[in-house]
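Below is one structure, written out as structure tokens, with a few remarks after it.
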Amino acid sequence: MTAAQLSRKFGIALSGGAATGKSVVSALLRDLGYTVIDADTLARAAVTPASPALAEIVEAFGSTVLNHDGTLHRSRLRTLICNDSAQRKILEDIVHPRIRELLADKLRQEGLFAKPRLWCYEAALLVETGTYRQFKQLWVTHCSPATQLTRLCRRDNLSAPQAASLIAAQLPTSAKLAVADLCIDTAQPPAAIKLLLSQQLENLTTNDLCHTEDGQVHGNDDEADTTTDNNNRERLK
């Protein structure tokens, strides 16, 4: 089984706007015993000092995107690409191939090739890039605009206008919710969110996966998976 097949048959794509609660959901999934792979962690690993990807970024955007110690100044780079889709595409073309390589390595380390099972991939731009289509399901976090603004100001130490500008530059949450298999309101108490996740995971396991007596988990064929995915779009708003 390839990494692409493992994503399609067992991968849950978790996305949402800035400060809408993705990390909360990831933590709850880990508590439930599921592997969660963070795209941002992979992205940081892809651009370590002296890496080919970082050298390409410097060539494309200039040395001002580096800190004094040679590491990537992420917020400065984010500012450069925030409102420029062409610049953002250049960055994605540099970083994404390396992230895919690191993802495959991580899946192998977690034993998911040896024993395929449901797992989660957390990333901010899954809908924008269309990458969510490569996974079994898409789950999207959301909260009220006021809550999102407050969280973002607190998390990143931003002023309200700065946070509002960052949110406005992103794809509207409504567009992400429109293509989601599960919409997760993170204004709920953690216990309620955890129950929702457990129910959705149980439904996926019951409907889409077969367990052998030795505990190995096997997916149904691609045609069956596609049929199930089309009939299993459940939302909580």
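Numbers for the structure displayed
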{"item": "Of Lys22/Lys115; Lys106/Lys176; Lys115/Lys136; Lys115/Lys176, pairs whose Cα-Cα distance is over 21 Å", "result": "Lys22/Lys115; Lys106/Lys176; Lys115/Lys176"}
{"item": "Fewest-first sequence of Leu66, Leu171, Leu138 by Cβ atoms within 10 Å of each Cβ", "result": "Leu171, Leu66, Leu138"}
{"item": "Percent RCO, i.e. relative contact order, over the chain, from Cα pairs under 8 Å lying at least 6 residues apart", "result": "32 percent"}
{"item": "Estimated vicinal HN-Hα couplings, Hz - segment 163-176 in sequence order (Karplus 6.51, -1.76, 1.60; Gly, Pro = x)", "result": "5, 4, 5, 5, 5, 5, 6, 8, 4, x, 4, 4, 5, 6"}
{"item": "Loop-located chymotrypsin sites (Phe, Trp or Tyr not before Pro) in segment 1-69, at most 14 other Cβ atoms within 10 Å (DSSP)", "result": "none"}
{"item": "Segment 49-107, relative contact order [Cα under 8 Å, separation at least 6], %", "result": "31 percent"}
{"item": "Full-stretch length increase - Ala187, Phe113 - with 0.36 nm per residue and alpha-carbon distance subtracted", "result": "23.1 nm"}
{"item": "Size of the chain as Cα extents on the principal axes (Å, biggest first)", "result": "57, 40, 28"}
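Values quoted throughout were computed directly from the atomic coordinates according to the rules given, and no laboratory measurement underlies them. Bear in mind the structure is a predicted one, so any value in this text is a computation, not a measurement. Here Cβ is always computed from backbone atoms with ideal geometry, including for glycine, and neighbour counts include all displayed protein chains.
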